[in-house]
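Please read the structure below before turning to the comments.
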Amino acid sequence: ILPFLILVVIATLASGKGLLKTNREVILWSLWSFAILSQCFYFEPVYFDTLDTWQATRTALAQIHNKDHVMTTNLIAPHLTHREGINLVANNTKLSDLKISDYVLLNLRHPGFDNLTKNKEILSQMQQLPEFDLKFQQDGVFLFVKRK
């Protein structure tokens, strides 16, 4: 309901009617309504907490070729959306799912909505698979590459 009420207030302001007459009042009201609707306080705990692994994640992402298939966590997946094949780590991820990927990128420090136990299990499986090599490891970020 709130977005529609905001549209009604904008239409009223555009017609020159309403309580807000000066530009300053309109700007303050707009900023206030934006802050209410944007959930700006939700942004901080979700994204700022992962800054300690940001550089390691960026370095690992730079080592992945564009057309190759990647399995990763849900917080890293948006950075890989321009690639053709992306699988997300989930509780039902099997060993066969790992083997179809060219890269497996894990962030154990910040697994996102994924189960940390499952990520640790996948890490131990990846370390035992002979067809994958650990290419990058820093700050809890692990990048495994399939041997060609």
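Percentage of Cα-Cα pair distances in the chain greater than 24 Å, rounded to whole percent?
Counting every Cα pair in the chain, those more than 24 Å apart make up 47 percent.
Of all DSSP-defined beta bridges confined to the chain, some 65% are antiparallel rather than parallel.
For segment 1-125, lysine pairs separated by 8 or more sequence positions, or belonging to different chains, with Cα-Cα distances below 29 Å total 8.
Normalised by the number of residues in the chain, the average gap of Cα pairs under 8 Å and 6 or more apart makes the relative contact order 20 percent. What angle, in degrees between 0 and 90 and rounded to the nearest 10, separates the Cα long axis of helix 116-128 from the longest principal axis of the Cα atoms of the chain? Long axis of 116-128 versus the principal axis of the chain: about 30 degrees.
Report, to the nearest 10°, how far helix 2-14 tilts away from the longest principal axis of the Cα atoms in the chain, using its own Cα long axis and a range of 0 to 90°. Approximately 40 degrees, to the nearest ten. Considering all C-alpha pairs of segment 46-98, those separated by over 17 Å amount to 41%.
Here's how it looks for residue 86: its modeled amide H is under 5 Å from those of 70, which are all 5 or more places away or on a different chain. Largest to smallest in accessible area, the residues 49, 139 fall in the order 49, 139 (1.4 Å probe, all protein chains included). Select from segment 53-125 those trypsin sites (Lys or Arg not before Pro) which occupy a DSSP coil region and have at most 12 other Cβ atoms within 10 Å, ordered by residue number. Sites meeting the loop and neighbour criteria: 67, 94. Estimated from the Cβ-Cβ distance and a Förster radius of 25 angstrom, the FRET efficiency linking residue 58 and residue 124 is about 0.50.
Between residue 38 and residue 87, the contour length at 0.36 nm per residue exceeds the alpha carbon distance by 14.7 nm.
The values are calculated or read from the model by the stated rules, or taken from the named source; none is laboratory data. The model shown is predicted, which means the values in this text are computed figures rather than measured ones. Note that we place each Cβ from the backbone using ideal geometry, even for glycine, and neighbour counts take in every protein chain shown. Note: areas computed on protein heavy atoms with side chains; ligands, DNA, RNA excluded. Shrake-Rupley method; radii C 1.70, N 1.55, O 1.52, S 1.80 Å.
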